[in-house]
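The values are calculated or read from the model by the stated rules, or taken from the named source; none is laboratory data. As the structure is a computational prediction, the values presented were derived from the model and not from experiment. Ideal geometry is used to build each Cβ from the backbone, glycine not excepted, and the neighbour counts take in all protein chains shown.
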Amino acid sequence: MTSIPELTPWINGAAIPAGDRVRDRVALPFTGRPAVVAVQGTGPDLDAAITAAREGFTRLRALPRHARRDILSRTAEGLTREREPLARELAESCGKPLTQALGEVDRAIMTFSLAADEARRFGGEMVPLDVDPRTVGYTGLVHRFPVGPISAITPFNFPLNLLAHKVAPAIAVGSALVVKPPPQCPQLAFRLARILADAGLPAGAYNVLHLPIAVAERLATDPRFAMLSFTGSPTVGWHLKQVAGHKKVALELGGNAAAVVHQDAGDLDWVAQRLALGAFAYAGQVCIKVQRILVHQPVYQDFVDRLVAATARLACGDPLDPKTVVGPMIDPAAADRVESWTREAVQAGATTLLAGRREGTVLTPALLAEVPRDSKVSCREIFGPVSIVAPYRTWDEALAAVNDSEFGLQAGVFTHDVNRIFQAFNRLEVGGVIANDFPTLRVDNYPYGGVKDSGFGREGVRYAMEEMSEPRMLALNLSR
């Protein structure tokens, strides 16, 4: 009988013995088979990890920029060497279709490479002080210093690249971390620990603990952390911000992204294919998945027909099959919730354009129309393979509909009128506007985050480095 691997707390550069700690069995989302046993960290383990992070912070911040750059570059090289097994682990552990899992590994490689580049040039600026007669002859220098040890909490849907977006910028500025990976698939955070160690990261600069909720809340409340970086649900994120005290907080909390398709969008087949992919790839378990599709009335029926056809062609099922686009939900409870929300919308009057089916944890895509505004599939984050379609008459009406949401992460607009594009850019209450592509687009060097209930602060390597550091001013009187 094959033994199930154990993941034990990684503290101060090494895995510690499991001992008599509580063990959690983690199942694979597609098959339900046991994947690993995750050993719970305890309160004393967290204390040890914080102590290690404080010492690791001292070691890391003392390294010159070229040394931190080299660690980041070697990490990217290590990820590259392990690209195939990492992608397979992603596909199995979180149900991400294999081609998309390969894409996530590639993006994590890019994230560490970008951080390596930024580590060389991120620093500060010279500020002119002779704007005031009192300080003629003075020189002003601003330098950015790392804030200190950072606690990081990551979600299941991008367990490698969203982790990279916390780890790589922290290393680049010289900050150490204590990481709580997602309980549904903690494996990638522990694999990254060994890659970082092999890359020469100082002991204590990266610590990983699988924690129960009661202990995990200390990642927000413990004053020895200088910052909390959280990606996950709005309910948890805003609660942690409330209890975080004086530390810095960065939150990325998701949304219900809208895409607007105007009559001048061009190739409607291409637009339909992109929106089908943005809505249903990875079973819609993406915070910028296409949830609301607003279509200009003159092309509404034509576009809906194309969208239904494009969606129906998406392959569903085994994430290890290279043809699969829509894999399983992360667990049966998530599939139950999506089914329940869909039934509620239909019972409230929504029309089914494409009915979803269920087999185990796999839900095939569902498209709904005439959905009441207060239905959960409309106003909340579905985080599953369901999207809604609605017509609009004017561009102003479409922009107002996009803004009619408690969320504001990203939005997509399809039009070849540059004036409309800039109207959307100026008026949409979101963190990012994507013109002529789906709102599911994210490039790892741009500022990423949202407004309203979608979050607080920005990620994207250089922008995360700004969040993880603080400016300090030096005014030099050189006239004496």
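Considering the range 432-443, the residues that are under 15 Å from the mean Cα position of the chain (by Cα) and crowded, with 22+ Cβ neighbours inside 10 Å include one that is farthest from A279 (Cα to Cα), namely G432. Of the residues contained in the range 451-463, one or more are found to be assigned by TED's automatic domain parsing to the domain that holds V249, in contact (Cβ under 8 Å) with a residue 24 or more places away in the chain, farther than 30 Å from G137 by Cβ and assigned to a helix (DSSP H, G or I).
Go through L275, L314 for me and flag whichever is surrounded by fewer than 24 Cβ atoms within 10 Å (Cβ to Cβ), under 30 Å from L86 (Cβ atoms) and of a type in the set (A, V, I, L, M). First the steps, then the outcome.
Numbers: L275 fails: surrounded by fewer than 24 Cβ atoms within 10 Å (Cβ to Cβ).
Criteria check complete, one pass: L314.
Has the range 74-84 got at least one residue that is in a helix (DSSP H, G or I) and of a type in the set (A, V, I, L, M, F, W, C)? Within the range 74-84, one or more residues are in a helix (DSSP H, G or I) and of a type in the set (A, V, I, L, M, F, W, C). Each residue in the range 468-480 was checked for being surrounded by fewer than 22 Cβ atoms within 10 Å (Cβ to Cβ) and either in a helix (DSSP H, G or I) or not basic (K, R) (or both), and 9 of them qualify.
Does I11 satisfy the condition of being in the same structural domain as I150 (by TED's automatic domain parsing), closer than 19 Å to R218 by Cβ and at pLDDT 95 or above? Reasoning before the result, please.
Working: in the same structural domain as I150 (by TED's automatic domain parsing): yes; closer than 19 Å to R218 by Cβ: yes; at pLDDT 95 or above: yes.
In short, yes.
Checking R21, R65, R61 one by one, the residue that is farther than 19 Å from L201 by Cβ, over 24 Å from the mean Cα position of the chain (by Cα) and at pLDDT 95 or above is R21 and no other.
The residue of the range 16-33 that is surrounded by the most Cβ atoms within 10 Å (Cβ to Cβ), among those that are assigned to a strand (DSSP E or B) and without any contact (Cβ under 8 Å) to a residue 24 or more places away in the chain, is R23.
Within the range 125-133, does at least one residue satisfy the condition of being buried (at least 21 other Cβ atoms within 10 Å of the Cβ) and more than 21 Å from R462 (Cβ to Cβ)? Break it down into steps so the answer makes sense when it comes.
Let us first name the residues in the range 125-133 that are buried (at least 21 other Cβ atoms within 10 Å of the Cβ), namely none.
No.
Looking at A369, A333, just one residue is at pLDDT 95 or above and within 26 Å of V430 (Cβ to Cβ), and that residue is A369. Screening V286 against (1) assigned by TED's automatic domain parsing to the domain that holds L98; (2) out of contact with any strand residue (DSSP E or B) (no Cβ under 7 Å at 6 or more places or on another chain); (3) among the β-branched types (V, I, T) leaves a single unmet condition, (1).
Condition check ((1) within 23 Å of H66 (Cβ to Cβ); (2) without any contact (Cβ under 8 Å) to a residue 12 or more places away in the chain; (3) crowded, with 24+ Cβ neighbours inside 10 Å) across all residues:
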{"site": "L160", "(1), (2), (3)": "no, no, yes"}
{"site": "A168", "(1), (2), (3)": "yes, no, yes"}
{"site": "S175", "(1), (2), (3)": "yes, no, yes"}
{"site": "V178", "(1), (2), (3)": "no, no, yes"}
{"site": "P181", "(1), (2), (3)": "no, no, yes"}
{"site": "R191", "(1), (2), (3)": "no, no, no"}
{"site": "R194", "(1), (2), (3)": "no, yes, no"}
{"site": "D198", "(1), (2), (3)": "yes, no, no"}
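When residues in the range 352-388 are screened for being more than 17 Å from A309 (Cβ to Cβ) and polar (S, T, N, Q), 3 of them pass. I want to confirm something. Restricting to the range 144-158 and keeping residues that are surrounded by fewer than 24 Cβ atoms within 10 Å (Cβ to Cβ) and farther than 15 Å from L228 by Cα, which single residue is nearest to the chain's Cα centre (by Cα)? Only one residue fits best here, namely F156. Of all residues in the range 72-97, those being farther than 30 Å from A335 by Cα and in contact with a helix residue (DSSP H, G or I) (Cβ under 6 Å, 6 or more places away or on another chain) number 7. Annotation note: Cβ proximity below 6 Å between a residue of the range 350-372 that is in the same structural domain as A309 (by TED's automatic domain parsing) and surrounded by 15 or more Cβ atoms within 10 Å (Cβ to Cβ) and a residue that is of a type in the set (D, E, K, R) and assigned to a loop (DSSP other than H, G, I, E, B) (sequence gap 6+ or interchain) occurs for A350/E370; T364/R357. In the condition set (1) part of a helix (DSSP H, G or I); (2) surrounded by fewer than 22 Cβ atoms within 10 Å (Cβ to Cβ), G56 is compliant with all but (2).
Candidates in the range 319-349 are the residues that are in a helix (DSSP H, G or I) and among the small types (G, A, S); of these, the one that is surrounded by the fewest Cβ atoms within 10 Å (Cβ to Cβ) is A333.
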